[in-house]
């Protein structure tokens, strides 16, 4: 087992190296560069730009810059952002909490909607509810997040005016301005009101998808012989569904959720831009615009590590959870 | 899996207060609400390293300059007792600082801070975006804590202008020097002075939440008196749609309105509060540059024909909602050197066709004109997503097709457009904007010494079309040496006439900046120069 884990770990490391080479190369292939932001300013002469490029180390050829980057990264130093001059690690850690908060919230929303809906649809197949849910699931899967986001903004911020049109917090929010009785609710609402729309939008796609998976997984399990046996023994239907069927139906869903983790990062790029959410996604978009290679590489690597780690742990845990799955020796 | 569990836990902690919130949003008490400005994100507040105009808006509140340019384009003293005295030869400028000007930490601002500001900008270790202003100075004479003068290497017309902008903000020596030494004799945008700067301006920084907002609080000891508005927040908003949503919802009070949304804003009331929409002329103009190295653009008649063959007035009326001025050259009508009598290209398809015919461009069987085997077909480039410029391209494309010219549209995001297409001179025609200065000299744009060559790093300048005209070179040089404004005006008039005749670029329109703000805000006077919108922020009042 230890040997398998070690081998799996080495493969992950190799993937990481390949990812970093590919990402770095792709960024170099993209036209423009970090110096483009100075080109539109008539006061900054060509000589000025040459001087700045040299000070940023951009005058060296790409492969040399990659080796420098790799050496520093292995030592745990992701370098400095070209745009802000701050350490890339700080730029990322400053924004990571916001993104994790958003991801966690949308994950929770997705699970708490998708699972019950999936179960109910499966146990009431072809009922009116099932058909309505099927309709909305496909709508949810096909609707682009940016469009749904703008729609939400229009309805809840502009039209109804109940939710703020973006951001993460109210700059002048002061809990002490509220009576002690309502203070906890005020604080809670202050946090929730900014999170509701982006979390729903970010979770939309997965909610729709997961409810479909849950439904079919459940249907498959229900038709198994042991369920029939349980029913024949006279086990109450509730117990059959939640005790015998659900646990087995959940196993593939949990795997899918693990594999969908990267989609939260990808979705965050769009959602955070629409709702002015100060997370990694927005940092990514800004850095693409600035061709801030340092920050982009930092985000790519950290995301890749998280995803690979997720898959790695999922694989290991899978063998622990399901005795039928074994690494062949 | 573990990550998933961790995420769920984090979420659970976040919502650990358990119960669902009260269904009604809890109303916040109104009076404490600061004035909120919505704009794009920024990178630094260190004036030595900054090069973006949005940073200028915030730095104007935190720092002071020696002089300012007011909304009528006049110089007014800021840190000075009076405007500087200039010697007869125009080389020596003598200044007298106000006494008792305090930085936010209580230290007095004196001549040593002014001199240090110069020194740090000239320091080779510091990534200063532009040294144009500072390089002109030959020698300094510091008399005492309040009196100083400097002498220029040679006469520079309108030299004072640069001293009114954020690039000439006076920085506190005691703070910046300490950071410079601590970070190994340099300054970076990541330094403390970039993030929590100390200045002598009307507002001091309270909080900077990255990608969220910056909160400023008034500085009670400001040398022009305590400002009336207590707190001002600059909120960072990534897209125009969100900006509009937040404005409509009353979450931001002031914003620059993108031209196509002008009428939409006019029809809106912000959270029930009455708003004003103002429209200021600006020095920014949008133009379509010809690449004169392309053989099809060699004939002046082709360039003139294209200039005739698009409806300028209709474009401004429909695409810009009437916000903006027709451009006849590189100067706006508010400039003292603006020449109102240059050749104008009013929409005239017939004239355009005649010009092309006379130059020998004959209609081919597929409706595209040719001459000596060359087809009148080319590509226009602009920033993708800029709705106004895209609309212009489409109009021009359709109109030019009517006179036998085939134009393709290929747009790129800004980093590619400016970093690759423009810099590499890979365009036939490129559409973008320039900010023209307070001083009208178009040296970097139209002098033949300013033609960049991507293969030769020794070259510099922004004469991207590659325009060469001996008379224009001569006039630019004459105007730069002349001290008499009337004579300079004559030189600039002639330059504008030549450019209008030669059409090295089609002038599309002059920007008007449109702002929406609450009616209760008084003394909000955006400035057409690089002094920007907040140049007089200490005078702002909320009634």
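Brief remarks follow.
- Selection within the range B:83-99: residues that are in a loop (DSSP other than H, G, I, E, B) and in contact with a strand residue (DSSP E or B) (Cβ under 7 Å, 6 or more places away or on another chain). The member of this set that is nearest to residue B:175 (Cα to Cα) is B:98.
- Hey, residue A:231 part of a helix (DSSP H, G or I) and either surrounded by fewer than 17 Cβ atoms within 10 Å (Cβ to Cβ) or modelled with pLDDT under 85 (or both) or not: yes
- Just one of the listed residues (A:111, A:115) is within 26 Å of the chain's Cα centre (by Cα), surrounded by fewer than 22 Cβ atoms within 10 Å (Cβ to Cβ) and more than 11 Å from every other protein chain (Cβ to nearest Cβ), and it is A:115.
- The listed residue being over 30 Å from residue B:88 (Cβ atoms), in contact with a strand residue (DSSP E or B) (Cβ under 8 Å, 6 or more places away or on another chain) and buried (at least 18 other Cβ atoms within 10 Å of the Cβ), out of B:500, B:516: B:516
- The range A:192-208, residues that are at the interface with chain B (Cβ under 10 Å from one of its Cβ atoms), in contact with a helix residue (DSSP H, G or I) (Cβ under 7 Å, 6 or more places away or on another chain) and either part of a loop (DSSP other than H, G, I, E, B) or within 25 Å of residue B:207 (Cα to Cα) (or both): A:195
- Counted residues, the range A:242-270 - those being under 10 Å from the mean Cα position of the chain (by Cα) and part of a helix (DSSP H, G or I): 9
- Residue in the range A:170-182 that is modelled with the highest pLDDT, counting only those that are at the interface with chain B (Cβ under 9 Å from one of its Cβ atoms) and farther than 21 Å from residue B:235 by Cβ: A:182
- Summed over the range B:411-426, the residues that are touching a residue at least 24 places away in the same chain (Cβ under 8 Å) and more than 8 Å from chain A (Cβ to nearest Cβ) give a count of 3.
- Qualifying positions in the range B:504-539 - part of a loop (DSSP other than H, G, I, E, B) and modelled with pLDDT of 95 or more: B:504
- Residues within the range B:427-451 that are within 9 Å of chain A (Cβ to nearest Cβ) and either under 20 Å from residue B:53 (Cα atoms) or surrounded by fewer than 22 Cβ atoms within 10 Å (Cβ to Cβ) (or both), tallied: 7
Yes or no, residue by residue, for (1) crowded, with 23+ Cβ neighbours inside 10 Å; (2) in contact with a helix residue (DSSP H, G or I) (Cβ under 9 Å, 6 or more places away or on another chain); (3) away from chain A (no Cβ under 14 Å); (4) closer than 24 Å to residue A:86 by Cα:
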site	(1), (2), (3), (4)
B:152	no, yes, yes, no
B:157	no, yes, yes, no
B:177	no, yes, yes, yes
B:193	yes, yes, no, yes
B:205	no, yes, no, yes
B:215	no, no, no, yes
B:224	no, yes, yes, no
B:241	no, yes, no, no
B:250	no, no, no, no
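- Residue that is in contact (Cβ under 8 Å) with a residue 12 or more places away in the chain, over 30 Å from residue B:490 (Cβ atoms) and touching a strand residue (DSSP E or B) at 6+ places or on another chain (Cβ under 6 Å), where the choices are B:367, B:404: B:404
- Restricted to the range A:66-90, and to residues there that are free of Cβ contacts under 8 Å to residues at least 24 places away in the same chain and either more than 34 Å from the chain's Cα centre (by Cα) or over 21 Å from residue A:285 (Cβ atoms) (or both), the residue that is nearest to the other protein chains (Cβ to nearest Cβ) is A:77.
- Given (1) under 18 Å from residue B:396 (Cα atoms); (2) in contact with a strand residue (DSSP E or B) (Cβ under 6 Å, 6 or more places away or on another chain); (3) at pLDDT below 95, number of the condition residue B:307 does not satisfy: (3)
- Test: residue in the range B:459-475 that is over 30 Å from residue A:50 (Cα atoms) and touching a residue at least 12 places away in the same chain (Cβ under 8 Å): yes
- Residue count for the range B:165-191, restricted to those that are closer than 27 Å to residue A:88 by Cα and over 26 Å from the mean Cα position of the chain (by Cα): 12.
- Taking the criterion of being touching a helix residue (DSSP H, G or I) at 6+ places or on another chain (Cβ under 9 Å) and in a loop (DSSP other than H, G, I, E, B), the residues of the range B:415-440 that qualify are B:423, B:426, B:427, B:428, B:436, B:437, B:438, B:439, B:440.
- The single residue among A:123, A:84 that is crowded, with 24+ Cβ neighbours inside 10 Å and at pLDDT below 90 turns out to be A:84.
- Hey, residue A:102 outside any helix (DSSP H, G or I), closer than 30 Å to residue B:41 by Cα, in contact (Cβ under 8 Å) with a residue 40 or more places away in the chain and within 14 Å of another protein chain (Cβ to nearest Cβ) or not: no
- Number of residues in the range B:452-465 that are more than 8 Å from chain A (Cβ to nearest Cβ) and surrounded by fewer than 20 Cβ atoms within 10 Å (Cβ to Cβ): the value is 5.
- Within the range B:326-355, the set of residues being more than 15 Å from residue B:505 (Cα to Cα) and surrounded by fewer than 18 Cβ atoms within 10 Å (Cβ to Cβ) comprises B:333, B:334, B:336, B:340, B:341, B:346, B:347, B:348, B:349, B:350, B:351, B:354.
- Residue in the range A:27-48 that is surrounded by 19 or more Cβ atoms within 10 Å (Cβ to Cβ), assigned to a helix (DSSP H, G or I), out of contact with any helix residue (DSSP H, G or I) (no Cβ under 7 Å at 6 or more places or on another chain) and facing chain B (nearest Cβ under 7 Å) present: yes
- Selection of the range A:126-147 for residues being exposed (fewer than 12 other Cβ atoms within 10 Å of the Cβ) and part of a loop (DSSP other than H, G, I, E, B) yields A:126, A:144.
- The residue of the range B:378-394 that is nearest to residue B:291 (Cα to Cα), among those that are surrounded by fewer than 17 Cβ atoms within 10 Å (Cβ to Cβ) and touching a residue at least 60 places away in the same chain (Cβ under 8 Å), is B:391.
- Selected residue (only one of A:184, A:171, A:164 is assigned to a loop (DSSP other than H, G, I, E, B) and out of contact with any strand residue (DSSP E or B) (no Cβ under 7 Å at 6 or more places or on another chain)): A:164
The values are calculated or read from the model by the stated rules, or taken from the named source; none is laboratory data. Predicted model, so just to flag it, every value in this text is computed and none were measured. When we count neighbours, we look across all protein chains shown, and the Cβ atoms used for this are built from the backbone with ideal geometry, even at glycine.
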